[in-house]
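The values are calculated or read from the model by the stated rules, or taken from the named source; none is laboratory data. Quick caveat, the model's predicted, so the values are computed rather than measured. Here the Cβ positions follow ideal geometry from the backbone for every residue, glycine too, while neighbour counts run over all protein chains shown.
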Amino acid sequence: MNKTLLIARREFLSRVQKKTFLLTTILVPLIIMLFYAMMIYFSVKGENNVKVAVLDKANVFNGAVKSDKDIVFEFVQTDTATLRKEVETGKYNGFVYVPENYATSQDQQLIYRSGKALGLMTKGKIEGTLNKALEERRLMSLNISQSTLDSIQKKTDISFTTLSGTDESAKAGVSYGVGFISGFLIYIILFIYGTMVMRGVMEEKVNRIAEVIVSSVKPFQLMMGKIIGIGSVGLLQFIIWIVLVGGLQFLLPIFFPGLAEQMHSQPVQPASMQAAEAIKHASQDSGFMAGLAQINFPLIIGCFIFYFLGGYLLYSSLFAAVGSSVNEDPQDAQSLMLPITMPIIFSIVIMTKAVNDPTSGLAVFGSIFPFTSPVVMMARLAHGIPEGVTWAQLLISMALLIVTFLGTTWLAGKIYRTGILMYGKKPTWKELIKWALR
């Protein structure tokens, strides 16, 4: 055990003391926050409104089409030739022409003409706004008053609660965000630090350092030392990132004074921030703070650490076995990695289902199956116990993850013992299975 800890200490210090570790640990949060601040700044400052001219010869809209911050409709009294020139000069992004013989009750088309191609979302907004205005005009032509129309279109608020009394109206959006972020973080961790273990083993094997090391320690001790040491580096780096990102968020108002007031008057809605938009709606419509208060963060944090360690130890032992079996050719490692990476990719696919429907059969299977449980279970846990996951399912998932980790570590250790000293032969999964069962 002392030799394993010595190897782990060497792996930890050799990576932490490098300049690259300090640079990546500090620069990554800074770059993330810089891009975040730039997206907010340019979204607030930028003038990206689409200005549409409406030439309504038939007066079907009665000079009234609701504009918003993205699309502005302006009614004009001119001709199409003039509008074409104004679109070409950039005064308008496009125009809608309604001929005099247009009738709202008939199936006729409106034509939108623009100088440049429009995005899919912009097209949908223009079409939806014009259809909404036409629908109101058709209803009013049937002698339905505006007050009656407003009464018909008025939405009814529905309160979603569970049998235990939990208010799901406020919790749903927050649970989605917390579950998705937690699962995705573990997904990234398994990939980054698992492959880091594999590269570390490959480097020692190629440089023939492993031959010297295994003369004084057992191969299994060497493998476990590398896994623990590199995992400690990842955990330390992850904690520093959380602290730095959390602290930098409080510094944004200092670097961009008055940004909060501008965002309040002109909400940020870039297409690349759909998750932020969902959280924004949750905060406005369902009470973000009320939903946040219902999240069991001690349970989330405790389970996150457990599944982070369990998932990392499970996959890193497999990555270490692959790294010990390959030689100088990186393509050999790529071919052997496929069966290991497929469950990780499959887990992120199940997670997208689990955050929306945490009690579905696929979500339950993914949260119990050890090779996908580190990612999927975090997505279900955000919905709470017993609403999202039961205690029995959680305990079974943890127990299976521990048993599977011990089993894969034992098998990976047997592969590592043979592979770390094997040279000149191209490895295959058939050979690896023989080494494991020997």
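In region 381-398, the residues that are modelled with pLDDT of 90 or more form Cβ pairs under 9 Å with partners that are charged (D, E, K, R) and part of a helix (DSSP H, G or I), at six or more places apart or across chains, as follows: Gln393/Arg380; Leu394/Arg380.
The number of residues in region 367-395 that are outside any loop (DSSP other than H, G, I, E, B), farther than 14 Å from Phe306 by Cβ and out of contact with any helix residue (DSSP H, G or I) (no Cβ under 6 Å at 6 or more places or on another chain) comes to 3.
When the residues of region 200-229 are narrowed to those that are more than 17 Å from Gly413 (Cα to Cα) and in a helix (DSSP H, G or I), which ends up farthest from the chain's Cα centre (by Cα)? Result: Val212. Looking across region 80-95 at every residue that is touching a strand residue (DSSP E or B) at 6+ places or on another chain (Cβ under 8 Å) and not in a helix (DSSP H, G or I), the one that is surrounded by the most Cβ atoms within 10 Å (Cβ to Cβ) is identified as Phe95. Only residues that are farther than 30 Å from Gly384 by Cα, modelled with pLDDT of 70 or more and loosely packed, with under 11 Cβ neighbours inside 10 Å were counted in region 136-180, giving 8. Within region 1-13, residues that are within 10 Å of Val217 (Cβ to Cβ) have Cβ atoms under 6 Å from residues that are among the small types (Gly, Ala, Ser) in these pairs: Thr4/Gly225; Ile7/Gly225, counting only partners at least 6 apart in sequence or on another chain. Filtering Gly302, Gly323, Gly310 for residues that are assigned by TED's automatic domain parsing to the domain that holds Val201, touching a Pro at 6+ places or on another chain (Cβ under 8 Å) and modelled with pLDDT of 80 or more leaves a single hit, Gly310.
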